[in-house]
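The values are calculated or read from the model by the stated rules, or taken from the named source; none is laboratory data. Since the structure is predicted, the reported quantities are computational estimates derived from the model, not experimental observations. Backbone-built Cβ (ideal geometry, glycine too); neighbour counts: all protein chains shown.
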Amino acid sequence: MPLLSAKDREYVRDFFNKELQGKVELVLFLPAKAEEARASRENPYLPQMLELMQELTGLSPKLALRVVRPDTDPEVFALYGVPLGAYPVLALLGEGGVDYGIRFYGIPAGYEFRTLMDDLVDVSRGHSRLKPETIRQLADLKTDLDFQVFVTPTCPYCPKAVRLAHQFALESPHIRADMIEATEFSELANQFNVYGVPKTVINQGAQEIEGAVPEEMFLEAALAAAAETG
């Protein structure tokens, strides 16, 4: 039985037809086939993630899915900075294989499904919807920043934080932004003392943002982290 209802599939298909411009490749990192049954017991969202991405990419000729596994494609994990043993992870690549540093650790379900849809549009266009002043300041950034945005699918405030982080990554080659589903990656959530979501961690704790904040505050935290670690 499909994860997306017929009504949802029709809505998403129309949305993609209207909004997508260039092609986008969705690279899905999954465990080795021999480990899949065990990994799926530990994380029941694994098979759903694959099914959801297959359904989604089937709704537009501008979307393509590539599944990579550590036993057959270990170099791809290294290329995109995905740790072996981290599953599922999704990377979005723009036209010509451009990697904007946008990642989803865990299934983008619930409120985060809309985040994925909007990200796909931005990646297909190669630019964000940030304010001009934010884009200007991000263009001047010279320090590498790693954003980790912890979320849960039922959090209505989390998409704003994820969207800001992903758009920051889209506008700067020095930024990588990971959405991290806190229940699927509970060890990471515990490591950074995530007791509520969204929580954004920049450069392993150089700066932290609790909750969904305005774009200007998000930029302020990013620049502060750059000044502290640059």
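The residues listed here are Phe147, Phe168; of these, the one that is hydrophobic (A, V, I, L, M, F, W, C) and farther than 21 Å from Val24 by Cα is Phe147. Look at segment 188-201: where a residue is more than 22 Å from Ala224 (Cβ to Cβ) and a partner is of a type outside the set (A, V, I, L, M, F, W, C) and in a strand (DSSP E or B), sitting 6+ places away or on another chain with Cβ atoms under 8 Å, you get Leu188/Tyr105; Leu188/Gln148.
Does Asn43 satisfy the condition of being under 21 Å from Arg103 (Cα atoms), in the same structural domain as Glu95 (by TED's automatic domain parsing) and either loosely packed, with under 15 Cβ neighbours inside 10 Å or modelled with pLDDT under 95 (or both)? Yes; evaluated as a whole, the condition is true for this residue. Residues in segment 47-63 that are hydrophobic (A, V, I, L, M, F, W, C) and within 10 Å of Phe16 (Cβ to Cβ): Leu56, Leu59, Leu63. Whenever a residue of segment 13-30 is assigned by TED's automatic domain parsing to the domain that holds Arg66, its partners that are acidic (Asp, Glu) and modelled with pLDDT of 95 or more, lying with C-beta atoms within less than 6 angstrom and at least six residues away or across chains, give the pairs Gly22/Glu95; Lys23/Glu95. The residues on offer are Pro44, Pro74, and the sole one that is farther than 21 Å from Leu120 by Cβ and either basic (Lys, Arg) or touching a Leu at 6+ places or on another chain (Cβ under 8 Å) (or both) is Pro74. When we screen Asp122, Asp99, Asp146, Asp118 for residues that are of a type in the set (Asp, Glu) and free of Cβ contacts under 8 Å to residues at least 24 places away in the same chain, the only hit is Asp99. Filtered by the rule that a residue be touching an Asp or Glu at 6+ places or on another chain (Cβ under 7 Å), of a type outside the set (Lys, Arg) and more than 20 Å from Pro44 (Cα to Cα), segment 159-195 gives Pro159, Val162, Leu164, His166, Gln167, Leu170, His174. Applying the selection to segment 72-89, what residues are under 15 Å from the mean Cα position of the chain (by Cα), under 18 Å from Asp146 (Cβ atoms) and aromatic (Phe, Trp, Tyr)? Tyr80, the sole residue that qualifies.
From the list Asp178, Asp118, the lone residue that is crowded, with 23+ Cβ neighbours inside 10 Å, among the acidic types (Asp, Glu), modelled with pLDDT of 95 or more and not assigned by TED's automatic domain parsing to the domain that holds Leu26 is Asp178. Any idea which of (1) surrounded by fewer than 24 Cβ atoms within 10 Å (Cβ to Cβ); (2) within 23 Å of Leu46 (Cβ to Cβ); (3) acidic (Asp, Glu) is the one Glu228 doesn't satisfy? Single failed check for Glu228: (2). Put simply, of Ala139, Ala161, Ala78, Ala165 the only residue that is within 30 Å of Asn193 (Cβ to Cβ), small (Gly, Ala, Ser) and free of Cβ contacts under 8 Å to residues at least 40 places away in the same chain is Ala78. Looking only at segment 57-90, residues that are surrounded by 13 or more Cβ atoms within 10 Å (Cβ to Cβ), among the small types (Gly, Ala, Ser) and within 16 Å of Tyr105 (Cα to Cα) come to 2 in all.
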